[in-house]
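The values are calculated or read from the model by the stated rules, or taken from the named source; none is laboratory data. It should be emphasised that the depicted structure is a prediction, and the values quoted were computed from it without experimental measurement. When we count neighbours, we look across all protein chains shown, and the Cβ atoms used for this are built from the backbone with ideal geometry, even at glycine. Surface areas here come from the heavy atoms of the whole protein model, side chains and all, with no ligands, DNA or RNA. Shrake-Rupley method; radii C 1.70, N 1.55, O 1.52, S 1.80 Å.
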Amino acid sequence: MWGGRFEGGPSAIMREINASIPFDKALWRQDIAASKAHVAMLGAQGIVSAGDAATIAGGLDQVAAEYEANGVPENWDLEDIHMTTESRLAELIGAVAGRLHTARSRNDQVATDFRLWVRDACDSAIAGLKALQVALVNRAGEHAGSIMPGFTHLQTAQPVTLGHHLMAYYEMTARDVSRFADARVRMNRSPLGAAALAGTGFPIDRAMTAAALAFDGPTANSLDSVSDRDFALDYLMAASQCALHLSRLAEEFIIWASQPFGFVSLPDSLSTGSSIMPQKKNPDAAELVRGHSGRIIGSLTSLMITMKGLPLAYSKDMQDDKPPVFEAASLLTLCLAAMTGMVEGATFRTTRMRAAAELGYATATDLADWLVRQANIPFREAHHITGAAVKLAESRGIALDQLPLGDLQAIDPRLTQDVYAALSVEASVAARSSHGGTAPIEVGKRVAEARTALGLE
C-alpha cells in the first residue's frame, strides 16, 4: 500500500511489530459500517459515480458476510483490519475498490472505527450494570428488614439491614452507569473526514457520514480528530471505577462466606472445591473479580502512559491503544456477569447475621444517644458511661440488653428500665429513619424508587 516510496519490503521484524490484525480484527463490524457510510457519502457528493458506490457497498456486504461466517483472516503483510478488508474487497469487485479510500486516511478510519467500538462497549457496560442493579434491588427488597452488623474498620459498629447494605452497591453502580453514559456523550462525534491530519480537498459531507453512523455530528478539528484517544481513556476510567466497586462487593462476599462469618452461602455454580480438602467451597469467582479489577485498572494505566508524551497528530504508538481497551471490556463484562449471578444466587444466613449484630455490641451508640436524650447529658459523658457498660457486658459474654438493670444503674443511676427499648437491634435500625438511613421503612422507599428508575414497576 505504501511500496512506491520504498525500494525494498519490510524485514521480518518490521512485519511482525507493525501488524495489528491479530487484535484489531475485532473492529471489523465498525470498519465495514464506517466504510459503507463513507462510500455512500462519496456517491452522494459525486466524488465517485453512483454505480461505483453501489458496487463498493455490495462488495463490503460480501466481505462482512464472509467475516461473519468464517472470521477475519490474519495476513500480517496486510497489517490491519482496514487493509485486510480493502484487499478482500479488491479481490471481489476489482480495481473499483481503490476508490473507497478517496478522501480518507487510515488515521481517521481507525479513529472512527475505534470510537464506534468503544461506544458499543459503553452500551454493553451499562446493560451489564443494569442487570446487576436489578439483582441488587430485588435482594434488597427481600431483606429490607434483615438485621446484620454494620462495620467500620471491619469491626462491628452499628446494626444495619442487609437491604440497606446491598442498596449501597446499587448507589455505586448508579454512579458507574452515569460515568459510562457521560463518556458516551463526549465520544459521540465523528472523526471520519479528518483524513490524515489536515482534512481533505474533496467536497465531502462530514455531517452526512456522522449521521449515518449515529454520531451527534463531526469533530471540529482534524488534528485533534486523529490524535484523540480521550474517548478510550474515558471508557477505561469508568471501567476502572466500576471494577473497583465490583471488587469491593466481591471482597464482602469472600469475607461473609468464610466460616468465622458464615453470613452467606455462595452458589455452587460460582464456587470451586479443593483437590485435597473435601470440605472446601472456595469463592473463586469472587476472588477472580477482585483480581481482574487490577488488570482493568492496569489497562487504564497502560494507555495513559502510551498517550502521555505523544505530539500531534498520529504516531504509531497509538496502535497499542486497542489491546488494553479490548482486554478491559472483556474482563468487565465477565465480572459484571459473575457478580450478578452471585447476588442473585446467594443464600443469606440472616439468623447468623442478626446474632452477630447482637454480640458485637452494635447498639452501644443507641445507649449513648438515649442518655443524651433522656438524661440531658453531653454526648462525651454518655460515650464514657456506655463504654463502661460495654466492658461489663463483654466480660460476661452477653449482649448489652441482657445486662440487669441493677448493674446498669451501678454504672450510672440515670439509666432506667426504659433504656432497654433502645438496646435491641430492631429498635436501633428502626430509629435510624433519617433520609438515606437504615430503617426498614427508608430502605423500602429507596428500593421502590430504584425499581421505578430501572423500569421494574
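Cβ-Cβ contacts under 6 Å between residues 6 or more apart (or on different chains), taken from a first residue in the stretch 285-311 that is without any contact (Cβ under 8 Å) to a residue 24 or more places away in the chain and within 14 Å of Val325 (Cα to Cα) to a second residue that is buried (at least 17 other Cβ atoms within 10 Å of the Cβ) and not polar (S, T, N, Q), are listed as Ser302/Pro324. Can you confirm whether the stretch 341-350 contains a residue that is open to solvent by 50 Å² or more (accessible area, probe 1.4 Å), touching a residue at least 24 places away in the same chain (Cβ under 8 Å), more than 30 Å from Asp113 (Cα to Cα) and part of a loop (DSSP other than H, G, I, E, B)? The answer is yes; a qualifying residue exists. Scanning the stretch 264-301 for residues that are hydrophobic (A, V, I, L, M, F, W, C) and within 14 Å of Gly345 (Cα to Cα) yields Val264, Leu266, Leu270, Ala285, Ala286.
Taken over the stretch 40-59, the criterion of being assigned to a helix (DSSP H, G or I), without any contact (Cβ under 8 Å) to a residue 40 or more places away in the chain and either surrounded by fewer than 21 Cβ atoms within 10 Å (Cβ to Cβ) or among the aliphatic types (A, V, I, L, M) (or both) is satisfied by Gly43, Ala50, Gly51, Ala53, Ala54, Ala57, Gly58.
Against the test of being open to solvent by less than 50 Å² (accessible area, probe 1.4 Å), closer than 30 Å to Asp176 by Cα and outside any helix (DSSP H, G or I), the options Ala103, Ala144 yield a single qualifying residue, Ala144. Given the criteria hydrophobic (A, V, I, L, M, F, W, C), over 24 Å from the mean Cα position of the chain (by Cα) and at pLDDT 95 or above, does Leu166 qualify? Against the criterion (hydrophobic (A, V, I, L, M, F, W, C), over 24 Å from the mean Cα position of the chain (by Cα) and at pLDDT 95 or above), Leu166 does not qualify.
Might you let me know whether the stretch 73-87 holds any residue that is more than 30 Å from Thr351 (Cα to Cα), open to solvent by 20 Å² or more (accessible area, probe 1.4 Å) and among the small types (Gly, Ala, Ser)? Yes, the stretch 73-87 has at least one match.
Scanning the stretch 287-321 for residues that are within 22 Å of Ala243 (Cα to Cα), open to solvent by less than 30 Å² (accessible area, probe 1.4 Å) and of a type in the set (Ser, Thr, Tyr) yields a total of 2. Taking helices (runs of 4 or more DSSP H) as the structural unit, those lying wholly within the stretch 173-261 and holding at least 3 residues that are touching a residue at least 24 places away in the same chain (Cβ under 8 Å) and surrounded by fewer than 17 Cβ atoms within 10 Å (Cβ to Cβ) correspond to 230-257.
The residues of the stretch 402-418 that are open to solvent by less than 60 Å² (accessible area, probe 1.4 Å) and either closer than 25 Å to Leu162 by Cα or free of Cβ contacts under 8 Å to residues at least 12 places away in the same chain (or both) amount to a single one, Gly406.
Name every residue in the stretch 357-373 that is under 16 Å from Ala427 (Cα atoms) and either among the aliphatic types (A, V, I, L, M) or at pLDDT 90 or above (or both), in order of residue number. Scanning the stretch 357-373 gives Ala357, Leu359, Ala362, Ala364, Leu367, Ala368, Asp369, Trp370, Leu371, Arg373.
Selection of the stretch 106-121 for residues being touching a helix residue (DSSP H, G or I) at 6+ places or on another chain (Cβ under 7 Å) and either surrounded by fewer than 18 Cβ atoms within 10 Å (Cβ to Cβ) or closer than 21 Å to Gly341 by Cα (or both) yields only Ala121. In the stretch 383-412, the qualifying residues are those that are more than 45 Å from the chain's Cα centre (by Cα) and in a loop (DSSP other than H, G, I, E, B), and the one that is nearest to Val425 (Cα to Cα) is Leu403. Within the group Ala421, Ala431, Ala393, which residue is among the aliphatic types (A, V, I, L, M), open to solvent by 60 Å² or more (accessible area, probe 1.4 Å), touching a Phe, Trp or Tyr at 6+ places or on another chain (Cβ under 9 Å) and at pLDDT below 95? It is Ala421. Exactly one residue among Leu415, Leu456 is assigned to a loop (DSSP other than H, G, I, E, B) and either over 30 Å from Leu249 (Cα atoms) or in contact with a Gly (Cβ under 8 Å, 6 or more places away or on another chain) (or both), and that residue is Leu415.
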